[in-house]
Every structure is written in structure tokens, then in C-alpha cells.
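Student: Can you read through this structure? Questions will come right after.
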Amino acid sequence: MSVPRKPKPRAELRGWASTQRQAPDGAIESEQRVALPHPVVAWDADGARALGRRYWREVEGSLLGLVRPRRAGPGLELRLLGLGPVLLRFDAPRVEASAVRVGCTYPIAGGALARRRGGEISFVQFDGGRLELSSAIRGFFPFLAGRTGRRSLGGTLYKHVQSRIHVAISRRYFAHLIAEASR
């Protein structure tokens, strides 16, 4: 006889905001933010690295293991089933830590989902009068997105698939970080 599982508690996301735009050169800018009731990581380099590690765990869990992060030298690769083609490749993360800002930024180095090298994904906890957590993609040239002003199947696929996946993962990432820090 199996015992029914209780659902994991989910943190409420207060102050949730999400913005997205595409620059004239085709680069994607996407940022998600949430207000924090308390810090979710320490204000040091270890806390910054924890933000990055937790996001990549969320990617794997959210996508049911179909996409898995793997270390590649000092950087990271997202691979289909962990062994398949490199979907996205990231250079070594840049870590920053101060009394009001802690962050982990991965420069995008390429992969099948990138039209070219460039841009970054970053995870930041900051206190600018209001404690917040953000996940942002800046300067990314996705293979699926077309240029601004041009309609394309790829642009539609990016908007309705890859972009939505990133936003959904960010929501889960925020909720899990807040719930874990509340324990």
C-alpha cells in the first residue's frame, strides 16, 4: 500500500515582474524579478555560486531531465539527455559579491540554440531599498528568433517555446530558492 505524497510547499512570488524585448540586431533581453521576504543566499562568493547552481538544477528538474547541465572545463553545457548535442554552451561564470549585491553571470559561448556567441544569463540577489532576486538574459542571439520586424517561423517558435520555458523555469527557481531559505 502506498502512502500519498504531500505536495512540496511552494513559496508565493510577491512582486513578480517579467519583461522581454528584442533589439533591432535580433538580440534578446529578458528579465524576471521577484521581491524577497529575506535573503535566499549569503552575501558572499559562495552565495553567488549557489544562485547559479540552483538555477541549473531547476533547468534539469523542470525539463524532466531531457536537458541536463554538464561541466565543460571551467564552463557549462546544456545537453539533450546529458550526452546529446550541446544546446547551449556557457563560459566560466563571473561571480560578484558585496553587502548589497550578489550575483553569478554565465557568458553565452554558443550551442545549437544560439545563432552566435554573445550575451549572458545572470542570477542576482540585490538590496536597493527593496530586497529582490532576478534572472536575466541579455544580448542573447537565439537561433530560433528572427530579426526584429521580420516575421519568421523561428521567431514564433522562440516566443512561444524557448522564451516561455525560460520564464517558467525562472518562476520555479524563485519559488524554490525562497522556500529553501525559509526552512
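Every number in this text was worked out from the coordinates using simple rules, so none of it is lab data. The structure presented is a predicted model; accordingly, all values stated were derived computationally and were not measured. Glycine gets a Cβ as well: all are built from the backbone with ideal geometry, and neighbour counts include every protein chain shown.
Student: Whole angstrom only: what separates the Cα centroid of the stretch 107-131 from the Cα centroid of the stretch 10-29?
Tutor: 12 Å
Student: To continue, here is another question. Quick one: if you stick a label point 7 Å off each Cα along the C-beta vector at HIS38 and ARG70, how many nm between them?
Tutor: Rounded to a tenth, the inter-label distance reads 3.9 nm.
Student: May I ask you to list the residues of the stretch 86-101 whose amide nitrogen lies under 20 Å from a point 7 Å from Cα along the Cα→beta-carbon direction of GLU60?
Tutor: Residues 86-94 qualify, since their backbone N sits under 20 Å from the label point.
Student: How large is ³J(HN,Hα), in whole Hz, for each residue of the stretch 93-100 in order, when computed from phi with the Karplus curve 6.51 cos²θ - 1.76 cosθ + 1.60 and θ = phi - 60°, using x for Gly and Pro?
Tutor: x, 9, 10, 9, 8, 8, 5, 10
Student: Taking K and R as +1 and D and E as -1, what net charge do the other residues with C-beta under 12 Å from the C-beta of GLU29 add up to?
Tutor: -1
Student: Here's a follow-up. Could you check the simple spin-label distance between SER182 and ALA23, using points 7 Å along Cα→Cβ, in nm with one decimal?
Tutor: Taking the simple label geometry, SER182 and ALA23 are separated by 3.7 nm.
Student: So if I take the centroid of the Cα atoms in the stretch 33-95 and the same for the stretch 165-183, what is the distance between those two points in Å?
Tutor: Comparing the Cα centres of the stretch 33-95 and the stretch 165-183, I get a distance of 13 Å.
Student: In a shell of Cβ-Cβ distance under 10 Å around GLY139, excluding GLY139 itself, what net charge do Lys and Arg (+1) and Asp and Glu (-1) give?
Tutor: -2
Student: Right, another one. Kindly write out, for the stretch 22-28 in residue order, the coupling ³J(HN,Hα) from the Karplus curve 6.51 cos²θ - 1.76 cosθ + 1.60 (θ = phi - 60°), rounded to whole Hz, with x marking Gly and Pro.
Tutor: The phi angles translate into 10, 6, x, 7, x, 5, 9 Hz.
Student: Whose amide H sits under 5 Å from the amide H of GLY111, counting only residues 5 or more places off or on another chain, with H placed in the peptide plane?
Tutor: Those qualifying (amide H under 5 Å, at least 5 residues apart or on another chain) are ARG89.
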